[in-house]
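**Student:** A single structure is presented below for examination.
The values are calculated or read from the model by the stated rules, or taken from the named source; none is laboratory data. These numbers come from a predicted model, not from an experiment. Cβ sites come from the backbone with ideal geometry, for glycine too, and all protein chains shown count toward neighbours.
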Amino acid sequence: MSEKPLLEVSGLRIAFMRDGREYVPVRNVSFAVPVHGRVAVVGESGCGKSLTSLALTGLPPTDRAHVSGEIKFASALPGSEGSQNVRVSYVFQLPTETLNPVMRIGDQIREAFPPYRAKTRRREQDEKIVSLLERVGLPSRAARAYPCELSGGQQQRAVLAMALAAEPELLIADEPTTALDVTTQQQVLDLVEELAAETGMAVLLITHNLGLVAGRMDIVNVMYAGEIVESGNVVDVLSNPRHPYTRGLLAAVPALDDPRDAPLHDIPGTVPTPDAWPSGCAFRPRCVEAKAICATEDYPCRFCSC
């Protein structure tokens, strides 16, 4: 991997004003995505994962927020400089909300072509569309189909074909398997992994399931209440989690060898809303290991020493 990250985020803060009051769902988030790297951001719903990924490209609703900190792209292309050279594709949670219901799949893929390919002959574009569909496991006839004629898994594959059409250096996949069954989830994640290895694109995976990153990602960032509470090499974090929240997420992943009647583990309580972040460690109200010092700014978890 290159020493210079493809994407570097430093001190990211996202704030919204409502009724004269400021809400800060993302605060002081820092992480990096290496060139050709595979990075995950993991946490429960409401932790700020999707807002963080949306802010990277200024997509709604972050275009109406006050975004501070630094989001820096450095092109992976040898000899090139500047964020304008970095091609980014985004795969959203729900393909039914991403695809245009009144356009054929092939035409939607065509719209994603980079400028140089958009100038080629129609026949060459059609051949490329069929090639992309076949690469993601869809038949050539899917190019003539409307989204409603495809299953959820097929729609997500079509969205991946659109993402690949842009020839990205960075693929942001925001919960790409949320609405899919377990078998299709596995197929889609395997496909993303294969495409990354084949094209050399970097991947930023947003997910709530810590179990999905094992064996697939290089780096994991665990996010809670708008902050990164633990980050590091996937193997190190999964084998030796330091933060109580990370340990809770791991415990909540069922093991294949567990008895059928084994109780499911969960983390008590829910993620607080941005207007109710507790002082000190935000995880403190839900943590069975919480101590008095956790309510202060010098709480141990900040230094991963719980």
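Table: residues versus (1) surrounded by fewer than 20 Cβ atoms within 10 Å (Cβ to Cβ); (2) part of a loop (DSSP other than H, G, I, E, B); (3) small (Gly, Ala, Ser); (4) in the same structural domain as Ala196 (by TED's automatic domain parsing).
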site	(1), (2), (3), (4)
Arg13	yes, no, no, yes
Cys47	no, yes, no, yes
Leu51	no, no, no, yes
Ser68	yes, no, yes, yes
Asp107	yes, no, no, no
Tyr116	yes, no, no, no
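**Student:** Do the conditions hold for Pro176, that is, is it buried (at least 17 other Cβ atoms within 10 Å of the Cβ) and at pLDDT 95 or above?
**Tutor:** Criteria not met by Pro176.
**Student:** Give me the residue from region 183-231 that is among the small types (Gly, Ala, Ser) and surrounded by 23 or more Cβ atoms within 10 Å (Cβ to Cβ) and, out of that set, nearest to Cys281 (Cα to Cα).
**Tutor:** For region 183-231, the residue satisfying everything is Ala225.
**Student:** Same structure, new question: From (1) surrounded by fewer than 21 Cβ atoms within 10 Å (Cβ to Cβ); (2) at pLDDT 90 or above; (3) within 30 Å of Pro5 (Cβ to Cβ); (4) of a type in the set (Ser, Thr, Tyr), pick out the condition that doesn't hold for Ser305.
**Tutor:** Failed condition: (2).
**Student:** Starting from residues that are among the hydrophobic types (A, V, I, L, M, F, W, C) and crowded, with 17+ Cβ neighbours inside 10 Å, keep the ones in region 233-249 and report whichever is nearest to the chain's Cα centre (by Cα).
**Tutor:** So the residue we want is Val234.
**Student:** Scan region 136-155 and tell me whether some residue there is crowded, with 22+ Cβ neighbours inside 10 Å, under 18 Å from Tyr90 (Cβ atoms) and at pLDDT below 90.
**Tutor:** no
**Student:** Considering region 131-185 alone, what residues qualify as being in a loop (DSSP other than H, G, I, E, B) and among the charged types (D, E, K, R)?
**Tutor:** Glu167, Glu169, Glu175, Asp181
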